[in-house]
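Here the structure comes first, spelled out in structure tokens, and everything after it is commentary.
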């Protein structure tokens, strides 16, 4: 089956909730490395992708559409233009693997969705995107189930820790450092991040200093 | 296939990392409700269970073995007695469903394992438990992979957010309140817990007071 991935991406000053542990330059570099891991997994499933970028950005592996409006508006601008199923996937999911993506893409339902930790939405696969629309932010997972329900779509909720783990805050780096297989994990180790355990809690340290 | 589940359980003063948000009596009640959800999911897969309890405890649905030693010692006392595959599962996984369990039980590998968030081990399914041993605490996920490797077992790592989410700290209640389908979620709502979102972060409140 042919489908196309849509990956929203903010090249400038991304991941501000990591500001306490990375400079702006580091956050931009780290976000780009995570994006690379996501694109790599997507392409290994045989899928092409388009980045939806807030500013000019060059990517040799994908098309880039520059959309200055918000996340929802940008995606909802793109969806009616689809003539094939759409995979809407966030760029901060560096634990994703081709195998986990295939669990979504092989759904028999009209749509598959992966909730993010905390009630957000990390991945949506919708077979007829031209009639769908998204509403990210807040408890978007429930909202997307409602939208599907209003459209009469049956939905497959995919239970995946790898795809549920979006990297927003220092504590999220723990899972990436344990389970990552791509370049984002390497980037963290190369930049002085490591793991430690104290009283049964795992935390991230950088150059010996505890961060989460 | 016949197999038997082993569920370690501490009836007295459990879940001490929830002490800031629940009294001891509430923690004991909540731990028991979570255990009930786990037992219910296990039994729906057609499996019997034995609880490994630190103190006397009555459970009408399962056998109970009282073992006063530590978690590892208790499990490693039980494993050599198995004459069928063993499912070793923690009692604080109230998001577990029969469907998620079946992903483990249907493995073609010698063993399946589900990592917990933070590097722990939440579920192990091992077809020849009499030669296996466990080493919980700390980064036990990696340790269990090493043990399997030393025994020449091939291992299926099951990617599941539901089974990765063990309830230890107030922040863990978020996922239970969003995705729970059993009695543990109901218990939280009945006891004044609710969810709120602020600046994109989901947190738990109790009677209006922010807890995580």
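This table checks each residue for (1) free of Cβ contacts under 8 Å to residues at least 24 places away in the same chain; (2) in a loop (DSSP other than H, G, I, E, B); (3) out of contact with any strand residue (DSSP E or B) (no Cβ under 9 Å at 6 or more places or on another chain).
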residue: A:88; (1), (2), (3): no, no, no
residue: A:92; (1), (2), (3): no, yes, no
residue: A:96; (1), (2), (3): no, yes, no
residue: A:100; (1), (2), (3): no, no, no
residue: A:109; (1), (2), (3): no, yes, no
residue: A:119; (1), (2), (3): yes, yes, no
residue: A:138; (1), (2), (3): yes, yes, no
Checklist entry - When the range A:158-204 is examined, which residues are found to be surrounded by fewer than 16 Cβ atoms within 10 Å (Cβ to Cβ) and assigned to a strand (DSSP E or B)? => result A:194, A:196, A:197, A:198, A:201
Checklist entry - Is it fair to say residue B:22 is in a loop (DSSP other than H, G, I, E, B) and modelled with pLDDT of 95 or more? => result yes
Next on the checklist: Filter the range A:178-203 down to the residues that are within 21 Å of the chain's Cα centre (by Cα) and closer than 24 Å to residue B:17 by Cα and list them by number.
Outcome noted: A:178
Checklist entry - For residue B:46, all conditions in the list (1) under 27 Å from residue A:156 (Cα atoms); (2) at pLDDT 95 or above; (3) more than 14 Å from chain A (Cβ to nearest Cβ) hold save one; what is the number of the exception? => result (2)
Item to check | Lone qualifier among B:208, B:200 - being facing chain A (nearest Cβ under 8 Å), more than 19 Å from residue B:30 (Cβ to Cβ) and modelled with pLDDT under 95 | outcome: B:200
Checklist outcome for this item: Taking the range B:22-38 and the residues there that are under 15 Å from the mean Cα position of the chain (by Cα) and surrounded by fewer than 22 Cβ atoms within 10 Å (Cβ to Cβ), the one that is farthest from residue B:81 (Cα to Cα) would be B:33
Item to check | Scan of the range B:47-86 for residues that are assigned to a helix (DSSP H, G or I) and closer than 19 Å to residue B:122 by Cβ, ordered by number | outcome: B:71, B:72, B:74, B:75, B:76, B:78, B:79
Item to check | Residue list for the range B:92-112, restricted to those being surrounded by 24 or more Cβ atoms within 10 Å (Cβ to Cβ) and within 12 Å of another protein chain (Cβ to nearest Cβ) | outcome: B:95, B:96, B:101
Checklist entry - If you take the residues in the range A:161-193 that are more than 12 Å from chain B (Cβ to nearest Cβ) and in contact with a strand residue (DSSP E or B) (Cβ under 6 Å, 6 or more places away or on another chain), which one is nearest to residue A:10 (Cα to Cα)? => result A:170
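The values are calculated or read from the model by the stated rules, or taken from the named source; none is laboratory data. Bear in mind the structure is a predicted one, so any value in this text is a computation, not a measurement. We place every Cβ from the backbone using ideal geometry, glycine too, and count neighbours over all the protein chains shown.
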